[in-house]
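Some notes on the structure that comes next.
The values are calculated or read from the model by the stated rules, or taken from the named source; none is laboratory data. These numbers were taken from a predicted model, which means no experiment stands behind them. Ideal geometry is used to build each Cβ from the backbone, glycine not excepted, and the neighbour counts take in all protein chains shown. Protein only, heavy atoms only, side chains kept; ligands, DNA and RNA dropped before computing areas. Shrake-Rupley method; radii C 1.70, N 1.55, O 1.52, S 1.80 Å.
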Amino acid sequence: MPQTSVVFSGILGPGGSGQVQPGMGERGSGAGDLIFQDGRLVSGSLEALMEHLVPTVDYYPDRTFIFTFLLTSRVFMPPHDLLARVGQICLEQRQQLEPGPEKAKLKSFSAKIVQLLKEWTEAFPYDFQDEKALGELKAIAYRVTQCDEENGTVKKAITQMIQSLLLSLAARSQLQELREKLRPPAVDKGPVLKAKPPAAQKDILGVCCDPLVLAQQLTHIELERVSSIHPEDLMQIISHTDSLDNHRPGPSEPVTCLTLQCRGDVAKTYSLEAYDSWFNCLSMLVATEVCRVVKKKHRTRMLEFFIDVARECFNIGNFNSMMAIISGMNLSPVARLKKTWSKVKTAKFDVLEHHMDPSSNFCNYRTALQGATQRSQTANSSREKIVIPVFNLFVKDIYFLHKIHTNHLPNGHINFKKFWEISRQIHEFMTWTQVECPFEKDKKIQSYLLTAPIYSEEALFIASFESEGPENHMEKDSWKALRTTLLHRA
């Protein structure tokens, strides 16, 4: 199965900014509908952009443009429609070359078309999952192999490309089926606990008492789960948001994958939803581990332990786990435990909250993320390459980048400058997902993190009130309502 890092290795790096590269040639017929600034493509009609994608005898598009256009064109048309138009342009090009005496030009053109299709199938294999798209791909391949009767090099390249594509699709399908079977059941709202579990029941400290080790195992889980997200999955965030404009999240409202999921296509959003669900599960696990502890001294120790884990996650560059842990400790059932918090040395927690301060659009976090990114770019080891951003904030950035800038300019051109930026951010994210985790895997710890029982919100409040009774009228009313619920269920 082709690895994403290989596909992206030459894209949007130094010198890969979408500028016309020496020796790349100039596109002919539709070039008048493309606008360049300082050698950089900034806008064009959809038709001209499609023509710019297709090679000629003397031209092959910049790989940065190929990736960006294939990724973002789905905002305007389904991939199979784009593929059909590419096939049509290829046929027109071929018909212009066929009357000529030079077969070498025809073979050169065919080889370039195969190369374009190869880059497409490697970068976005899921575009070819349905029979319609796969059939169109085979039809284009048939047309370009008609000139390849001598040694069959083009035919061999096409055969290998299609075999690799089918293997990639099969592997992705099997992975999704496996993860579907392993998907944890939804947190059950009941039965609500009537009493706390015995103090001897195993908790996270009984499995792992070293904050660094736990942070490393969380990083393992993060990288494993985020690696199943593909560029086209992330484009689902923006390609269907116009239908959700009746509920447009405000600047302070979290934009989650579930909010922005593509309607009617669960397969394309499963990876996003699964990763989003992991964040919520980790937050609830942290709250559960704190609230289920019977003795105040042990709850204090548990809070201090998770603070240290979050700090180690920050040092590693695992900001998503760090944010999930902080979110868990800020849930009302945990935050209200004032007697417990009074015993906690909160200086470290204050530093963490400073990093995740939402003011000025999470300015402090973005500064830390930029520092981790720079470290990753110059890293000599996998350990220093780790960057796991807060996923919901990344989703929010992509969403608002799409909403703030228009798709079309006043002259009707596609605002390709906008899509360069979206492509750049998605590429950077995908680069982070391909880092190999350098830490030794501990199956026992990971099993606990992924399978330990998690309290429902109702159960968390009950456990919290049992630890520290209600202190004001609102809490007393809530506690009374919960006890009434327990009596009715008894």
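Values computed for the structure shown
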| read-out | value |
| --- | --- |
| Failed item in (1) open to solvent by 80 Å² or more (accessible area, probe 1.4 Å); (2) basic (Lys, Arg); (3) free of Cβ contacts under 8 Å to residues at least 40 places away in the same chain; (4) farther than 22 Å from THR288 by Cα, with LYS418 passing the rest | (1) |
| The lone exception for VAL294 - which of (1) on the phi < 0 side of the Ramachandran plot; (2) part of a helix (DSSP H, G or I) it fails | (2) |
| Filtered residues of the stretch 201-221 (kept if surrounded by fewer than 14 Cβ atoms within 10 Å (Cβ to Cβ) and part of a helix (DSSP H, G or I)) | GLY206 |
| Considering residues of the stretch 351-392 that are assigned to a loop (DSSP other than H, G, I, E, B) and within 18 Å of the chain's Cα centre (by Cα) only, the residue surrounded by the fewest Cβ atoms within 10 Å (Cβ to Cβ) | VAL390 |
| Scan of the stretch 460-473 for residues that are closer than 15 Å to LEU337 by Cα and either open to solvent by 50 Å² or more (accessible area, probe 1.4 Å) or in contact with a Leu (Cβ under 8 Å, 6 or more places away or on another chain) (or both), ordered by number | LEU460, PHE461, ILE462, ALA463, SER464, PHE465, GLU466, SER467, GLU468, GLU471, ASN472 |
| Test: residue in the stretch 393-407 that is of a type in the set (A, V, I, L, M, F, W, C), out of contact with any Lys or Arg (no Cβ under 8 Å at 6 or more places or on another chain), open to solvent by 30 Å² or more (accessible area, probe 1.4 Å) and at negative phi | yes |
| Enumeration of residues in the stretch 448-459 that are surrounded by 12 or more Cβ atoms within 10 Å (Cβ to Cβ) and among the polar types (S, T, N, Q) | SER456 |
| Hits in the stretch 31-89 - residues which are open to solvent by less than 40 Å² (accessible area, probe 1.4 Å) and part of a strand (DSSP E or B) | LEU34, LEU41, VAL42, SER43, GLY44, THR56, TYR59 |
| Members of the stretch 324-335 that are of a type outside the set (S, T, N, Q), farther than 19 Å from GLN446 by Cα and either modelled with pLDDT under 95 or assigned to a helix (DSSP H, G or I) (or both) | ILE326, MET329, PRO333, VAL334, ALA335 |
